[in-house]
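The values are calculated or read from the model by the stated rules, or taken from the named source; none is laboratory data. In this text, all values refer to a predicted model and were calculated from it rather than measured experimentally. Reconstructed Cβ throughout: ideal geometry from the backbone, glycine too, with neighbour counts over all protein chains shown.
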Amino acid sequence: MRYLTACLAIVLFVGATTIAAAAPGDDGYIEGYAAAVLERELGRPAPSLRVRNGVVTVQYADLAGAADRARVLAQLEQIRGVVRVEVVEAGAQPTPPGVIVTKEAPRVLAEWQGGLLPGGVLFGPLIADPRWPHFAASWQHYTGDRQLTDVAAVSFGESFALYRDRVGSGWWEVGLHAGVFAVFDLDSSSFDLINADYLVGIPLTYRQGDFSAIFRLFHQSSHLGDEFLLRTRSNRVNLSYESVDLRLSYEFGEVLRVYGGGGYLFDQDPTNLDPLSAQYGVELTSPWPGPDSRWRPIAAVDIQHREENNWSADASARLGVEIEGVLATRKLQILFEYFNGHSPNGQFYKNRVEYYGIGTHFHF
């Protein structure tokens, strides 16, 4: 319980995080930034884009090719120095110069975009889940481990929506979920590859308002690195399985998210691997320093239990800063991390480990 208490303390610490904010830009800076956002999302320039006195104006016609127009408009509004975003019909005039305006939410054309390759995903990534596909690189320091001390952990992957459509008052989508997770021994002479896990699956997701759910069918397999295997003569375990799982998530505004669910393994190797698992967690996004800022403190705790390990808790906690608008519409997270429980690295799933570290995480 002391590890779980430490994880929850990290989450509560998010409100005290302080970092210097960037200075707002002028109209030229805003227009350049907005042009980059639109060109990235549309695949072409938006000729109607104008910025005057911090008011961003763009025509409806120029947003027709946006994969997720709501997200694009939200990105424009979050540019520092933007007073508001106006979406106008062709030939319509924006607010005249000199008129006093106050910041307001952009006029959203559609909450989500439907059809093939719509962009974005209905179910957001789980920030503290050690096996959620995304691009990341971290340094981890293991405490009291017989084989490892300093480790480099990298992951490559992402979730993509292949098709999305409405169902009643909500949305559903089917997509692709894939990633590679590898760890390297930084204390060995050649930075030996220790273990690599491969995950590929098909997620079916649903969203209505602040509620979202994801049902996944996926495969995961694990492989030891040759140099590590020869040097340590570890007993190789050919860990491989198919799995189905379900996660339910609810967001309380833009500040708090809670989720939970469970999973079931089948066609597993070793064949005696117990199949059941459970997972739940909480994520916090600080409302400070305000809507004008591109960055904000975040924190998350993820707890997992597996029947194979007698339902003991595997706790993962992450705390740091999320920066929006990196490379147009990407999100960059710089996070301190802590883990205590059975190793998330497939070959070592029976070993208890404890580590802390720091990493960068990149989300589309």
Checklist line | Filtered residues of region 323-364 (kept if at pLDDT below 95 and in a strand (DSSP E or B)) | finding: ILE323, GLU324, GLY325, VAL326, ARG330, LYS331, LEU332, PHE362, HIS363
Note to self: Given the criteria in a strand (DSSP E or B) and at pLDDT 95 or above, does LEU319 qualify?
What the structure shows: yes
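Here is a yes/no grid of residues against (1) within 15 Å of HIS342 (Cβ to Cβ); (2) modelled with pLDDT of 95 or more; (3) not small (Gly, Ala, Ser):
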site	(1), (2), (3)
VAL255	no, no, yes
TYR259	no, yes, yes
GLN279	yes, yes, yes
ARG294	no, no, yes
ILE298	no, yes, yes
ASP302	yes, yes, yes
ARG306	yes, yes, yes
TRP311	yes, yes, yes
Next item on the list: Tally the residues that are buried (at least 20 other Cβ atoms within 10 Å of the Cβ), out of contact with any helix residue (DSSP H, G or I) (no Cβ under 6 Å at 6 or more places or on another chain) and of a type in the set (D, E, K, R), restricting the search to region 46-89.
Entry: 1
Note to self: Quick test of your reading of the structure: THR271 fulfils all but one of (1) more than 22 Å from ILE214 (Cβ to Cβ); (2) touching a strand residue (DSSP E or B) at 6+ places or on another chain (Cβ under 7 Å); (3) at pLDDT below 95. Name the failing condition by number.
What the structure shows: (2)
Note to self: Go through region 40-64 and report how many residues are farther than 12 Å from VAL87 by Cβ, outside any strand (DSSP E or B) and touching a residue at least 12 places away in the same chain (Cβ under 8 Å).
What the structure shows: 8
Check: Does region 141-159 hold any residues that are part of a strand (DSSP E or B), touching a residue at least 60 places away in the same chain (Cβ under 8 Å) and either in contact with a Pro (Cβ under 7 Å, 6 or more places away or on another chain) or over 20 Å from SER221 (Cα atoms) (or both), and which are they?
Finding: HIS141, TYR142, VAL151, GLU158
Margin query: Considering only residues that are of a type outside the set (S, T, N, Q) and under 30 Å from ASP150 (Cα atoms), which ones fall in region 188-223?
Written below: PHE191, ASP192, LEU193, ILE194, ALA196, ASP197, TYR198, LEU199, VAL200, HIS219, HIS223
Next item on the list: Answer yes or no as to whether ASP187 is surrounded by fewer than 20 Cβ atoms within 10 Å (Cβ to Cβ) and in the same structural domain as VAL121 (by TED's automatic domain parsing).
Entry: yes
